[in-house]
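Below is one structure, written out as structure tokens; the observations come after it.
The values are calculated or read from the model by the stated rules, or taken from the named source; none is laboratory data. Since the model is a prediction, treat every value here as computed from it, not as a measurement. Every residue, glycine as well, gets a Cβ built from its backbone with ideal geometry; the counts of neighbours run over all protein chains shown.
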Amino acid sequence: MVSSVLKSYQDMRADMGEMYDDAYEKAMAMTAKVGVAPTAPRVAARQRHRANAPAPTAKETVLLDQRGCSIS
């Protein structure tokens, strides 16, 4: 039982990019229903308490902030 759970997590980790893309598309479908456009937070010149990686799109902003400023 533990090995099957471990295998599931390893599979998820291996396909993280695809899982993120699926989740992002579902989120965009939900926001379209209520008329909200995806936006990225503004980038400050000096940031202390959260990630502040500049990115070309809102989708990539989340990836950069979670992965320590690197797109894979």
Point to revise | Where a residue in region 1-25 is within 14 Å of residue 60 (Cα to Cα) and of a type outside the set (A, V, I, L, M, F, W, C) and its partner, wherever it lies, is at pLDDT below 85 and surrounded by fewer than 10 Cβ atoms within 10 Å (Cβ to Cβ), with Cβ under 7 Å and at least six apart | key: 17/72
Check your understanding: Among 54, 38, which is the only one that is at pLDDT 70 or above, in a loop (DSSP other than H, G, I, E, B) and exposed (fewer than 12 other Cβ atoms within 10 Å of the Cβ)?
Key -> 54
Exercise for review: From 7, 33, grab the single residue that is at pLDDT 85 or above, out of contact with any Phe, Trp or Tyr (no Cβ under 8 Å at 6 or more places or on another chain), loosely packed, with under 10 Cβ neighbours inside 10 Å and charged (D, E, K, R).
Suggested key: 33
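Right, residue 27: at pLDDT 80 or above and surrounded by 11 or more Cβ atoms within 10 Å (Cβ to Cβ) or not?
On the way: at pLDDT 80 or above: yes; surrounded by 11 or more Cβ atoms within 10 Å (Cβ to Cβ): yes.
Taking the combined requirement at face value, the residue satisfies it.
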